[in-house]
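The values are calculated or read from the model by the stated rules, or taken from the named source; none is laboratory data. Just so it is clear, the model here is predicted, and its values are computed rather than measured. Because the Cβ atoms are built from the backbone with ideal geometry, glycine has one as well, and the counts that use them run over all protein chains shown. Surface accessibility is based on the protein's heavy atoms, side chains included, excluding ligands, DNA and RNA. Shrake-Rupley method; radii C 1.70, N 1.55, O 1.52, S 1.80 Å.
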Amino acid sequence: MNELSQDIRYGFRMLRARPGFTAVAVIALALGIGANTAIFSLINSVLLRPLPYPEAERLVMLEENEMGGTSSNTSYATTKDWRERSSSFDNISAVRDWSVTLTGEGEPEMLRGMRVSSNYFSLLGVKPAPGREFLPEEDRPATRRVVILSYGLWQRRFGSDAEIVGKPVALSGQTFIVAGVMPRGFEDLISARLFQKAELWAPLGYDESLPWACRTCRHIQAVGRLKPGVSFDQASLEMNTISQNLLVEHPTDYAVAGVTIIPLLDKFVGAVRPALYILLGAVGLVLLIACANVANLLLARATQRQKEIAIRSALGGSRGRLVRQLLTESVMLSVISAVVGLLLVWWGIEVLVAVAPPAILRLNEVAVDARVLGFTLALSLLTGIIFGLAPALHASKLDLNAALKEGARGSTGAGHRLRNLLAISEIALALVLLVGAGLLVRSFIRVLDVTPGFEPANLITMNVSASGTRYAEDAAVRAFYDEVLNRVAALPGVETTAVVNNLPLGGNKDMYGFHVEEKPRANPEEDPSAERYVVSTDYLHAMRIPLLAGREFTDQDGPTAPPVMLISESTARSIWPDENPIGKRVSMGGTDGPLRTIVGITGNVSHYGLDTPPDLQAYVPQAQWTSSDMQLVVRTPGDSKSLVEAVRNEIRVVDKDLPVYRVTTMEQLVSGSVAQRRFTLILLSLMAGLAATLAALGIFSVMSYSVTQRTQEIGIRMALGAKSTDVLKLVVGEGLLLALIGVGAGLAAAACLTQVMSSLLYGIGAHDPLTFSGIAVLLLGIATLACYIPARRATKVDPMVALRYE
């Protein structure tokens, strides 16, 4: 400990004695360590930290298998059978989305919530406080009008009323009794991931005799808690057996047998995990480049310290003692850099959260906690050893007689080769990052080049829900929306207006079975499903979706007219590849539904994302398939945002008790659909730019040091007649040789490593030749510029001065 204390004190004196070297090294390492800490803090919060529920590792999602190897929602009846027949689970709960309008004191407000089985909160392992959970007898149609509030809603709309339990609240024209309030800090991650963040919950209370409780009505999400000691494999085996039995008992209600069990955490973060790990790998490469840079600085500094080290060795210092002293200095440098890096992280986390897409859960929990601090400490110690070991070993191995001679400069071939190797490594690592960023940039451009199927400019949208007892009949719902459309269309500056139940890129999914009259199957569940759009007559005009054949909907397609339908081009090609589908008849949902005649074909529309191929799509008139929850779209010739308040006022005139919510523009929805790609692109590009800068500094420092060491040689060459261009070619040529070797190694490494990015790419391959060649040329250009500056300085050497140089 006494020797360590001596090493630390001496190390501080050495770092303080060379402030320029210390500042450059600390900045390079702080950027690398800080970037790694920031990304690790994000991964720690999103991927590594357990979910905030007791024994969360036992919580799973259960999904029905579908044709094609995919899995999806299930039905109420199926969930009930799973619960009754399975012995692998403590509980299985059914959940679904729920939207209600809160009325009473204050402005009416649309709230997002969930309908859940009565065992939902006990399954999660949480309890309301104050109040109680739902009772089993409340999970029935006649008694389901009870509600549990979120802590935030209780504070915001009910003033933290301590006597709220047992009081009535008005939701969509019906009276509910408050059973409890969830505790502060409780977050329903299931609702936040699958639907939207819930502010209240009510029992599911399904009437099994009604249509929406059928086995083929797959709008339910199933959550389960495994019994202690039951593995995923055991549960999967049992559930697949149950599913096979249900298929035998109900052959026309299932397409295939099988249940997919997904750990709850994997369900939440599965989509973002690859991108986060790629970013962690990227910042790791940046740190390695920074280490190589600092190692190069230490090698140059070790040459200047050779006489000092030789004297210490001559006075009895062993090689091990000298290596330990030099490593102590390196680790001290790394720890100081880690402290500076942590200061950068406080700012960096705010930036990360700001640019991260909403799909990444628990962003509000990203922070520097004990695990992150431990990671940073371990990383700083490891970093100090990584960049300090090779210079320390090299500096401690020297010829005492040569080193102690007056004027000895101590340049050795081994040190020169090591510096060159480090520069080559920096260029290779930087190229890997630049290629990865280049692939993402080209992929992002390809995504943005995709035509969404509509024109998003100058188009605002807002949600309106005609709910409550006043709108119990379809005729009242239609009358409400007809009046709203007429009033909004009359506003100055409105070109076209329409309503739709399911806006493209809006995050909703509304799939229905697509049963073709002329192509019946023995099992209707094997028929494909199509995205259903309930629209008003001017919807295609408002969205500017092209009509490719046939006609649009008209006012004559009313409630009593023959049912009609429009289909997309992708639907026509998939179902009728060699026929004209106009005039064909299709039922949507169950086979007992009305047969709708196809009267037109529209262009394809991107619904789930610009990078997702259009699915089957079908449009039906609002007059013939009435929906109460609709999204109003308004097209204007200029800035559409200025009309928002005027549109709100017109809706209030028709019904002041209905909330208008989720006001946005189609351009914002299009931008949001690529948010995750943009997030990965921004961070990886930032890391690649930093890596390229560090690599350029690395080769610049190597060539600068080389020029300094070869000053006498350059002077002799120039004294013997060498021209400035000859010296320029010599120095730049040596630097470019290092760069070419680094680029070659980097291309080979990138060819192997970019394959892991395949899932993040769109429209290009992981080995895109244009990206690889373009990045190679770019990096060689940067290296040439980095070599040119010291080469230019070499041409200014005065031969007379150089010949006296020591």
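Considering L803, L761, L738, L778, which residue is at pLDDT 85 or above, hydrophobic (A, V, I, L, M, F, W, C) and open to solvent by 40 Å² or more (accessible area, probe 1.4 Å)? Give the steps one after another, and end with the answer.
Working: L803 fails: at pLDDT 85 or above; L761 fails: open to solvent by 40 Å² or more (accessible area, probe 1.4 Å); L738 fails: open to solvent by 40 Å² or more (accessible area, probe 1.4 Å).
Of the residues listed, the single one that is at pLDDT 85 or above, hydrophobic (A, V, I, L, M, F, W, C) and open to solvent by 40 Å² or more (accessible area, probe 1.4 Å) is L778.
Are any residues in segment 415-465 closer than 21 Å to L736 by Cβ and of a type outside the set (A, V, I, L, M, F, W, C), and if so, which ones?
Selection gives H416, R417, R419, N420, S425, E426.
Could you count how many residues in segment 528-572 are within 35 Å of the chain's Cα centre (by Cα), crowded, with 17+ Cβ neighbours inside 10 Å and not in a strand (DSSP E or B)?
Number of matching residues: 10.
In segment 139-159, which residues are part of a helix (DSSP H, G or I) and open to solvent by 20 Å² or more (accessible area, probe 1.4 Å)?
Step one: list which residues in segment 139-159 are part of a helix (DSSP H, G or I), which gives 141-143, 151-158.
Matches in segment 139-159: P141, A142, T143, Y151, G152, W154, Q155, R156, R157, F158.
State yes or no: is L381 modelled with pLDDT of 80 or more, over 30 Å from F195 (Cα atoms) and open to solvent by 50 Å² or more (accessible area, probe 1.4 Å)? Spell out the reasoning first.
Working: modelled with pLDDT of 80 or more: yes; over 30 Å from F195 (Cα atoms): yes; open to solvent by 50 Å² or more (accessible area, probe 1.4 Å): yes.
Taking the combined requirement at face value, the residue satisfies it.
Do you know which of the residues in segment 427-455 that are outside any helix (DSSP H, G or I) and open to solvent by 30 Å² or more (accessible area, probe 1.4 Å) is farthest from G774 (Cα to Cα)? Walk me through it before giving the result.
Looking only at segment 427-455, we keep the residues that are outside any helix (DSSP H, G or I), and these are 450-455.
After this cut, where a residue has to be open to solvent by 30 Å² or more (accessible area, probe 1.4 Å) as well, the list is 450-451, 455.
Working: V450: 24, T451: 27, E455: 33 Å.
In this case the residue turns out to be E455.
Taking into account only those residues within segment 230-253 that are farther than 13 Å from F89 by Cβ and among the hydroxyl-bearing types (S, T, Y), which is least open to solvent (accessible area, probe 1.4 Å)? Break it down stepwise before answering.
Keep residues of segment 230-253 that are farther than 13 Å from F89 by Cβ, which gives 233, 237, 240-241, 243-253.
Applying the additional criterion that residues be among the hydroxyl-bearing types (S, T, Y) yields 241, 243, 252.
On the way: T241: 73, S243: 13, T252: 68 Å².
Residue satisfying both the conditions and the ranking: S243.
Have a look at L433, L389 and point out the one that is at pLDDT 85 or above and not charged (D, E, K, R).
Numbers: L389 fails: at pLDDT 85 or above.
Among L433, L389, only L433 is at pLDDT 85 or above and not charged (D, E, K, R).
Could you please find all residues in segment 611-667 being closer than 23 Å to L547 by Cα, more than 33 Å from the chain's Cα centre (by Cα) and not in a loop (DSSP other than H, G, I, E, B)?
Residues satisfying the conditions are V620, P621.
Based on what the data block shows, is A675 under 20 Å from F387 (Cβ atoms), open to solvent by less than 20 Å² (accessible area, probe 1.4 Å), at pLDDT 85 or above and of a type outside the set (V, I, T)? Full working, then the answer.
On the way: under 20 Å from F387 (Cβ atoms): no; open to solvent by less than 20 Å² (accessible area, probe 1.4 Å): yes; at pLDDT 85 or above: yes; of a type outside the set (V, I, T): yes.
Considered against the rule, which asks whether it is under 20 Å from F387 (Cβ atoms), open to solvent by less than 20 Å² (accessible area, probe 1.4 Å), at pLDDT 85 or above and of a type outside the set (V, I, T), A675 comes out as no.
Here is a yes/no grid of residues against (1) surrounded by fewer than 17 Cβ atoms within 10 Å (Cβ to Cβ); (2) of a type in the set (K, R); (3) not in a helix (DSSP H, G or I):
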{"site": "S701", "(1), (2), (3)": "no, no, no"}
{"site": "E713", "(1), (2), (3)": "yes, no, no"}
{"site": "M718", "(1), (2), (3)": "no, no, no"}
{"site": "G721", "(1), (2), (3)": "yes, no, yes"}
{"site": "D726", "(1), (2), (3)": "yes, no, no"}
{"site": "G733", "(1), (2), (3)": "yes, no, no"}
{"site": "C752", "(1), (2), (3)": "yes, no, no"}
{"site": "V756", "(1), (2), (3)": "yes, no, no"}
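Within segment 79-98, is even one residue in contact with a Pro (Cβ under 7 Å, 6 or more places away or on another chain) and either surrounded by 20 or more Cβ atoms within 10 Å (Cβ to Cβ) or not small (G, A, S) (or both)?
Initial filter on segment 79-98 (in contact with a Pro (Cβ under 7 Å, 6 or more places away or on another chain)): none.
Looking for residues that are in contact with a Pro (Cβ under 7 Å, 6 or more places away or on another chain) and either surrounded by 20 or more Cβ atoms within 10 Å (Cβ to Cβ) or not small (G, A, S) (or both), one finds none in segment 79-98, hence no.
With (1) outside any loop (DSSP other than H, G, I, E, B); (2) among the acidic types (D, E); (3) closer than 29 Å to S443 by Cα as the list, and E525 as the residue in question, which single condition is left unmet?
(3)
Just need a number here: residues in segment 340-368 that are open to solvent by 50 Å² or more (accessible area, probe 1.4 Å), part of a loop (DSSP other than H, G, I, E, B) and modelled with pLDDT of 80 or more.
Going through segment 340-368 one residue at a time, the tally reaches 0.
Can you say whether T597 is open to solvent by 20 Å² or more (accessible area, probe 1.4 Å), in a strand (DSSP E or B) and of a type in the set (S, T, N, Q), as far as the supplied structure shows?
Criteria met by T597.
Give the residue, chosen from P128, P108, that is closer than 27 Å to L265 by Cα, buried (at least 17 other Cβ atoms within 10 Å of the Cβ) and out of contact with any helix residue (DSSP H, G or I) (no Cβ under 6 Å at 6 or more places or on another chain).
Numbers: P108 fails: closer than 27 Å to L265 by Cα.
One residue alone meets the criteria, P128.
Consider segment 456-511. How many of its residues are part of a loop (DSSP other than H, G, I, E, B), farther than 15 Å from Y661 by Cβ and of a type outside the set (D, E, K, R)? Steps first, answer last, please.
Quick first cut of segment 456-511, residues part of a loop (DSSP other than H, G, I, E, B) only: 456-458, 466-468, 472-473, 490-495, 501-510.
Now narrow it down to the ones that are farther than 15 Å from Y661 by Cβ: 456-458, 468, 472-473, 490-495, 501-502, 504-505, 509-510.
Now narrow it down to the ones that are of a type outside the set (D, E, K, R): 456-458, 468, 472, 490-494, 501-502, 504-505.
Number of matching residues: 14.
Exactly one condition in (1) more than 30 Å from P357 (Cβ to Cβ); (2) surrounded by fewer than 22 Cβ atoms within 10 Å (Cβ to Cβ) is not met by P203; state its number.
The failed condition is (2).
Inside segment 216-229, can you point out the residues that are open to solvent by 40 Å² or more (accessible area, probe 1.4 Å) and touching a residue at least 24 places away in the same chain (Cβ under 8 Å)?
Here is the first cut: in segment 216-229, the residues open to solvent by 40 Å² or more (accessible area, probe 1.4 Å) are 216, 218-219, 227-229.
Listed by number, the residues that qualify are T216, R218, H219, K227, P228.
Restrict the check to segment 329-339 and report whether at least one residue is of a type outside the set (D, E), touching a residue at least 12 places away in the same chain (Cβ under 8 Å), surrounded by 14 or more Cβ atoms within 10 Å (Cβ to Cβ) and under 20 Å from Y277 (Cα atoms).
No: segment 329-339 contains no residue that is of a type outside the set (D, E), touching a residue at least 12 places away in the same chain (Cβ under 8 Å), surrounded by 14 or more Cβ atoms within 10 Å (Cβ to Cβ) and under 20 Å from Y277 (Cα atoms).
So R662 clears everything in (1) under 30 Å from L431 (Cβ atoms); (2) surrounded by fewer than 19 Cβ atoms within 10 Å (Cβ to Cβ) except one condition, right? Which one?
Exception for R662: condition (1).
If you scan segment 765-775, which residues turn out to be assigned to a loop (DSSP other than H, G, I, E, B) and either touching a Pro at 6+ places or on another chain (Cβ under 9 Å) or crowded, with 18+ Cβ neighbours inside 10 Å (or both)? So that I can check it myself, show each step before the final result.
Within segment 765-775, the first condition is being assigned to a loop (DSSP other than H, G, I, E, B), and the residues that meet it are 765-768.
A766, D768, listed by residue number.
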